[in-house]
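First the structure, in the form of structure tokens, and then the observations on it.
The values are calculated or read from the model by the stated rules, or taken from the named source; none is laboratory data. Worth saying up front: this structure is predicted, and the values here are computed from it rather than measured. Backbone-built Cβ (ideal geometry, glycine too); neighbour counts: all protein chains shown.
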Amino acid sequence: MITANKHFRDVFGHKMYKASISLDVTCPNRDGSKGVGGCIFCSEGGSGEFAAYCGNTSVPDQIKEAIAQVKKKAGTDAGYIAYFQSFTSTYCSPSYLKKAMDEASLCEGIEAVSVATRPDCLGGDILDVLKRQAEKMPLYVELGLQTSNDETAKLINRCYETIEYIEAVKKLKSIGANVITHIIFGLPGETKDMMMESVKTAVDAGSDGYKFTCLYVLCNTPLEKLWEDNKIAILEMEEYFDIVEAAIAILPDNAVVHRFTGDGPKKILIAPLWTKNKRQVVNYINRRFGL
Ligand code: SF4
């Protein structure tokens with residue numbers, strides 16, 4: 001396993017920061033074309049609460065603002081990844097996506113593009129846009145697998161089957177994209193073996209990188225109701241990182257771990273509260289995983 005920092009230094013020669021962007025898109029799992037209400041854990045902001053602006057602000061302005069926010073910390077020897085983060089960033093017309101990526105690529109400091117999407121939103125025309133982008137600069141595509149178990153997937157209202165993820169990874173690799181897979185540990189009803197099965201599925205599919213997170217409960221999500229009714233349990237910190245350690249043990253040596261755990265937006269986070277103390281969690285991760 002290698003860390004994202006090491007990976008970025010190897011590829012770009014310096015530290016990389018993300019400039020989060022929201023496009024004017026939604027998600028097929030929200031607008032009724034695949035499902036309604038979204039995945040049960042997904043916030044109203046479509047997991048894009050860290051983007052600087054909403055989709056009505058131009059891409060260059062969003063990037064400028066996002067870079068300004070981290071510039072002091074990043075210093076002069078750093079590069080930036082234009083991160084299309086909110087909702088399903090390829091759930092739009094190919095021309096809209098192309099324009100957004102072209103604009104992002106021209107922004108000062110941008111050396112790579114990263115796109116968060118779903119496996120079922122990668123049609124031929126969209127793949128062509130992504131392929132052209134990957135020919136210009138490194139392209140990362142993040143896929144929300146969360147679990148390889150189709151029963152759990154139904155329970156969390158993911159609204160696509162795992163086979164679609166496996167096929168999407170194949171297609172993305174064939175156009176030169178670097179694939180990052182999101183996996184959630186602690187989904188309702190999942191045992192540790194089931195969680196490891198999700199990791200193995202992603203490894204076998206050929207995922208290059210991983211973003212792990214514990215299940216967290218956010219306000220105004222269907223998961224909140226299950227939490228209030230005591231129908232779900234949330235992992236404690238040690239318990240969660242025991243699972244992460246077991247997952248890392250089955251990753252290939254060159255797999256990149258981009259995230260050891262997520263930290264839900266503090267304002268709407270209900271549980272687990274241990275993720276709120278980011279400094280303590282980062283120190284714990286560094287100690288435990290020798291980073
Ligand atoms: S696919 Fe992504 S954006 Fe859509 S509801 Fe699920 S987590 Fe939210």
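Brief remarks follow.
- Unique residue being within 19 Å of the chain's Cα centre (by Cα), at pLDDT 95 or above and away from the ligand (no atom under 11 Å from the Cβ) when the list is 95, 148, 105: 148
- Candidates 131, 154, 136: the one that is among the charged types (D, E, K, R) and within 16 Å of the ligand (Cβ to nearest atom) is 154.
- Selection within the range 251-268 - of a type in the set (Val, Ile, Thr), touching a helix residue (DSSP H, G or I) at 6+ places or on another chain (Cβ under 9 Å) and over 18 Å from residue 186 (Cβ atoms): 256
- Test: residue in the range 69-90 that is part of a helix (DSSP H, G or I), within 26 Å of residue 132 (Cβ to Cβ) and not hydroxyl-bearing (Ser, Thr, Tyr): no
- In the range 72-92, residue modelled with the lowest pLDDT [restricted to those that are in contact with a Lys or Arg (Cβ under 9 Å, 6 or more places away or on another chain) and farther than 27 Å from residue 144 by Cα]: 75
- Of all residues in the range 104-115, those being closer than 14 Å to residue 130 by Cα and surrounded by fewer than 18 Cβ atoms within 10 Å (Cβ to Cβ) number 1.
- Filtered residue count, the range 226-266, keeping only those that are charged (D, E, K, R), more than 18 Å from residue 2 (Cβ to Cβ) and surrounded by 13 or more Cβ atoms within 10 Å (Cβ to Cβ): 4
- Subset of the range 1-39 (residues that are at pLDDT 95 or above and among the β-branched types (Val, Ile, Thr)): 2, 3, 11
- Condition check for residue 66 on (1) away from the ligand (no atom under 16 Å from the Cβ); (2) over 21 Å from the mean Cα position of the chain (by Cα); (3) not aromatic (Phe, Trp, Tyr): one failure, at (2).
- For the range 155-175, the candidate set comprises residues that are outside any loop (DSSP other than H, G, I, E, B) and in contact with a Leu (Cβ under 8 Å, 6 or more places away or on another chain); within that set, the residue that is surrounded by the fewest Cβ atoms within 10 Å (Cβ to Cβ) is 155.
- Restricting the range 15-46 to residues that are among the hydrophobic types (A, V, I, L, M, F, W, C) and within 13 Å of residue 220 (Cβ to Cβ) leaves a set whose member that is farthest from the ligand (Cβ to nearest atom) is 40.
- Of all the numbered requirements in (1) on the phi > 0 side of the Ramachandran plot; (2) within 13 Å of the ligand (Cβ to nearest atom), residue 176 misses one, and that requirement is (2).
- Criterion applied to 91, 17, 80 was being aromatic (Phe, Trp, Tyr), touching a residue at least 24 places away in the same chain (Cβ under 8 Å) and over 30 Å from residue 270 (Cβ atoms), and the one residue passing it is 80.
- Of the residues screened, residue 80 is one that is more than 16 Å from the ligand (Cβ to nearest atom) and in contact with a Phe, Trp or Tyr (Cβ under 6 Å, 6 or more places away or on another chain).
- Residue match in the range 200-214 (condition: free of Cβ contacts under 8 Å to residues at least 40 places away in the same chain, under 15 Å from the mean Cα position of the chain (by Cα) and more than 17 Å from residue 273 (Cβ to Cβ)): no
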